[in-house]
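Working notes, beginning with the structure itself.
The values are calculated or read from the model by the stated rules, or taken from the named source; none is laboratory data. Note that the structure is a prediction, hence the values are computed from the model and not measured. As a convention, Cβ positions derive from the backbone with ideal geometry for all residues, glycine included, and neighbour counts pool all protein chains shown.
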Amino acid sequence: MVANTKTTIEVDTAVAEILRRADAHARATGETLEAYLGRALPRDVAKDTSQDDNAKFERQWEAWDRFVHEMSALVAASVPSGHVVDDSRDSMYN
């Protein structure tokens with residue numbers, strides 16, 4: 001279990017009032033301010049998404065690798081052995 005810690009920050013009066021109201025609303029619904037803000041704020045604001053972005057990039061890269069491998073396997077299985085594609089200009093008109 002992580003011990004509760006407090007950090008003091010300076011914000012303008014309007015922001016402080018918003019945080020006070022959010023805290024009051026969270027307490028009224030039985031939530032912590034952290035849980036309330038985590039649910040209420042956009043994901044990229046509420047959480048540090050840099051790790052998520054790295055994981056998303058890795059998943060996309062792996063998916064691309066799988067796609068290329070599967071397409072290569074499909075082509076290898078579909079084209080007869082020894083088949084040569086002649087895409088020269090001359091073959092188009094003959």
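Within the option set 11, 15, being modelled with pLDDT of 85 or more, of a type in the set (A, V, I, L, M, F, W, C) and outside any helix (DSSP H, G or I) holds for one residue only, 11. Scanning region 30-39 for residues that are surrounded by 15 or more Cβ atoms within 10 Å (Cβ to Cβ) and among the hydrophobic types (A, V, I, L, M, F, W, C), we see that the one that is farthest from residue 5 (Cα to Cα) is 37.
Scoring residue 27 on the criteria (1) loosely packed, with under 10 Cβ neighbours inside 10 Å; (2) modelled with pLDDT of 80 or more leaves a single failure, condition (1).
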